[in-house]
Amino acid sequence: MINETKKPVVLVGMPHAEIILQANPQLERRFSMRESLDSFRWDTSAGKREFKSFLKFLDRRLPFPKSSNLSDHETAFRIYCATNGFIGYLMKLVRRAAILAIDRKAECLNPELLAESYDERLSSRAPRRANPFIIEFEKLEIEPLAQVEFISRKTNHRSKAITINQSAASVLARKKKS
């Protein structure tokens, strides 16, 4: 079908979806270019800058008359603790907080809205973790989430997949330039 339509095909999925390509050597060769979008990091200065840059980008696109100051150091750290830098969790948190703010006619997101959003959307994945938007800043710690590692097994040793690990901010920066 790929040959017949002469249309480019993009496959998107979680890392464990790669088994689909590994099961078919012909498909694996056709999709040899792989890109991975990793979570944000807080353990380096560059990681913090990148996360804050994304939050600033996101804040400017929120539908509010005032800035929510998501990229301020304390707010950014609270958001990181709530999401562990995972873009999906970050967007769940901000989307729900934005809906709450719109419903309440707030001028921007605030810690109370983020706390409520966290309780509704993210607290169940770490039930023993204190709400990062309520706890005193000095007591706040990054608590790693349990991660499942997927082991990749090649079925065709002749093909070599190229994997590019990138951060969300680098992908967005590249999109902005084009």
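Scanning the stretch 33-53 turns up at least one residue that is aliphatic (A, V, I, L, M) and in contact (Cβ under 8 Å) with a residue 60 or more places away in the chain.
If you go through the stretch 89-108 one residue at a time, do you hit one that is surrounded by 17 or more Cβ atoms within 10 Å (Cβ to Cβ) and of a type in the set (D, E)? No: the stretch 89-108 contains no residue that is surrounded by 17 or more Cβ atoms within 10 Å (Cβ to Cβ) and of a type in the set (D, E). At pLDDT 95 or above, part of a helix (DSSP H, G or I), surrounded by fewer than 18 Cβ atoms within 10 Å (Cβ to Cβ) and not basic (K, R), is that true of I135? Taking the combined requirement at face value, the residue does not satisfy it.
Scanning the stretch 56-80 for residues that are in contact with an Asp or Glu (Cβ under 7 Å, 6 or more places away or on another chain) and crowded, with 20+ Cβ neighbours inside 10 Å returns S68, L70, S71. S71 fulfils the conditions (1) out of contact with any Lys or Arg (no Cβ under 6 Å at 6 or more places or on another chain); (2) closer than 19 Å to S117 by Cα except for a single criterion, (1). Scanning the stretch 102-121 for residues that are more than 21 Å from P132 (Cα to Cα) and among the basic types (K, R) gives R104, K105. In the condition set (1) in a loop (DSSP other than H, G, I, E, B); (2) over 17 Å from L90 (Cα atoms); (3) at pLDDT 90 or above; (4) not hydroxyl-bearing (S, T, Y), E149 is compliant with all but (3). Look at the stretch 1-17: where a residue is among the polar types (S, T, N, Q), no partner that is not in a loop (DSSP other than H, G, I, E, B) sits 6+ places away or on another chain with Cβ atoms under 9 Å.
Taken together, the criteria place A173 among residues that are in a helix (DSSP H, G or I), modelled with pLDDT under 90, out of contact with any Asp or Glu (no Cβ under 9 Å at 6 or more places or on another chain) and among the hydrophobic types (A, V, I, L, M, F, W, C).
The values are calculated or read from the model by the stated rules, or taken from the named source; none is laboratory data. As the structure is a prediction and not an experimental result, all values here were calculated from the model. All Cβ positions, glycine included, derive from the backbone under ideal geometry; neighbour counts span all protein chains shown.
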